[in-house]
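Written out below as structure tokens is the structure these notes cover.
Nothing in this text is a laboratory measurement; each read-out follows from the coordinates by a stated rule. All values derive from a computational prediction rather than experimental measurement. Please note: Cβ atoms are built from the backbone with ideal geometry, for glycine as well, and neighbour counts cover all protein chains shown.
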Amino acid sequence: MELTELVAAGGHEQLVAFADERCGARGFIAVHSTALGPSLGGIRFWRYRDEREAVVDVLRLSAAMTRKAAVAGLSQGGGKAVVLWDDPHSPRDEAVRRAIGRAVHLLGGRYLAAEDVGATQADMDGIFLETPWVTGIDPANGGSGDPSPVTAWGVLHAMFAVCEARFDDRDVEGVRIVVQGAGKVGAALARLLVERGALVTIAETDSDRAARVAAELEVDVVPPQHVLETECDILAPCALGGVIAAEHVGALKCDAICGAANNQLVDDVAGEALAERGILYAPDFVANAGGIINIAHEWAPGGYSLERALAQAAGIEDTMRGVFALASADGLSPARAAEETARRRLAAEGGAPYVPGEASAMRDALLARWRV
Ligand code: NAI
């Protein structure tokens, strides 16, 4: 397929290429939809085989952000940026950050940048030197800081809906939960679960981290390679995406899956296979929306407040209930029901694409903090 055909097939509004010869920064920004408001999504620094692979990734990721924001009830659309970067963990200098910032700025607020894989707050602060259309900057300048506690809080509330639907009791007390990945979100989630009396086990590839979290929370550890076959009530993927493929489904020993990782299912077939086996899947982009809910509070009236962000993220419980109810009513898998929920909101509330300069409280708030 030609690149323009890919853009058309995904229904994207815009695909932008940027390159700065002096510092070598190059990448793509995709705006999938601004029908509900300016698009929001992270910047991913990644080693891509070639530019085509980067374009395919940015188109796929930006479309997923549209669904995530729509289901979370935010007035945002979906966008994403990818930067071709050989070693995702090697830091960027100011010239690169500024070059990305200028590319973001030229979109005039149609795309709001955020952190994604490989990106840091320092990157966001560097981008902020060139544009107000960036989030996750230093809290001293109005940024929302690390979203992980809010993401974990949202996943916990998604689990309440899962427990209610699967075990007829919203309470997680006594529920056996395996958390895959005890990183920023996974460790925070494990702590929230332990505090509520859940029986938590963690699996973590970094053995030092596994030992530290296990000692702190007094939880069991399973080797990461055995996580899918560990008997439990809920499996909580909080590491990387692509954990569940259709061929794994037969071996799973859980009743439900609910975690923070993006793109947990390898494909749609995996979602159908889970539904057929009676394993309740809490769609990842519904469960992990606490991260973007947290960002959206940067332009809430009165400025960012962790308390208000947590309160809104708790609403993920009701959203997830709604997804499960739609799945039962229409005979859909939860993954498809979540996509349908996004489609319906866009059909009911979506407007014309966002035009740079259109007045909004969000625009005023972001401009005000940039000029101070
Ligand atoms: P992180 O990098 O802090 O934690 C991931 C942890 O998983 C690391 O400790 C890593 O060693 C471990 N890990 C990697 N592969 C593993 C495996 N095969 N088995 C067991 N452990 C493994 O990342 P973070 O921020 O906690 O995010 C976790 C997931 O949630 C990611 O997929 C991320 O995209 C997603 N997410 C995170 C949000 C946030 O607010 N941080 C928001 C929305 C989604």
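Note on the chain: dipole from Cβ charges, positive end direction compared against 327, 265, 133; the farthest Cα belongs to 133. Dipole of segment 148-346 (Lys/Arg Cβ +1, Asp/Glu Cβ -1, origin at the Cα centre): which of 193, 294, 157 lies farthest to the positive side? In segment 148-346, that residue is 294. The convex hull of the Cα atoms of segment 180-268, projected and averaged over all directions, covers 5.4 nm². Our estimate of slack between residue 215 and residue 231, defined as 0.36 nm per intervening residue step minus the Cα-Cα distance, is 3.6 nm.
Within segment 280-324, whose backbone N sits under 16 Å from a point 7 Å along Cα→Cβ of residue 372? Answer for segment 280-324: 297-306.
With θ taken as phi - 60° and the Karplus curve 6.51 cos²θ - 1.76 cosθ + 1.60 applied, the whole-hertz 3J(HN,Hα) list for segment 94-106 is 4, 4, 5, 4, 5, 4, 5, x, 5, 5, 5, 5, 5 Hz, x standing for glycine and proline. When each of 144, 75 is scored by the number of other beta-carbon atoms lying within 10 Å, the sequence from fewest to most is 75, 144. 3J(HN,Hα) couplings calculated from phi for segment 74-85 with the Karplus curve 6.51 cos²θ - 1.76 cosθ + 1.60 (θ = phi - 60°) are, in sequence order, 8, 8, 10, x, x, x, 6, 10, 10, 10, 6, 9 Hz; Gly and Pro show x. Put a plus charge on the Cβ of each Lys and Arg, a minus charge on the Cβ of each Asp and Glu, and nothing anywhere else: the dipole of the chain about its Cα centre is then about 920 debye.
With helices as the sole contributors, the chain gives -13500 deg cm²/dmol at 222 nm; each DSSP H run of n ≥ 4 counts as -39500 (n - 2.57), and the sum is divided by every residue. Computed from backbone phi with θ = phi - 60° and the Karplus coefficients 6.51, -1.76 and 1.60, the 3J(HN,Hα) list for segment 262-271 is 7, 6, 5, 8, 5, 7, 5, 4, 4, x Hz; x is used for glycine and proline.
As a proxy for reagent exposure, 254, 238 were ordered by neighbouring Cβ count within 10 angstrom, fewest first; the result is 254, 238. Qualifying trypsin sites (Lys or Arg not before Pro) in segment 204-313, where qualification requires a DSSP coil assignment and no more than 13 other C-beta atoms within 10 Å, comprise 253. For the chain, the fraction of C-alpha pairs farther apart than 40 angstrom is 11 percent. If you plug the beta carbon distance of residue 196 and residue 53 into 1/(1 + (r/R0)^6) with R0 = 51 Å, you get a FRET efficiency near 0.75.
Projecting the Cα atoms of 365, 42, 58 onto the charge dipole of the chain (Cβ charges, centred on the Cα centre) puts 365 farthest toward the positive pole. Amide H contacts of residue 33 (H built 1.01 Å from N, in plane; Pro and chain starts excluded): 13, 78 sit under 5 Å, all sequence-distant by 5 or more or on other chains.
Fewest neighbouring Cβ atoms within 10 Å first, the residues 23, 258 line up as 23, 258.
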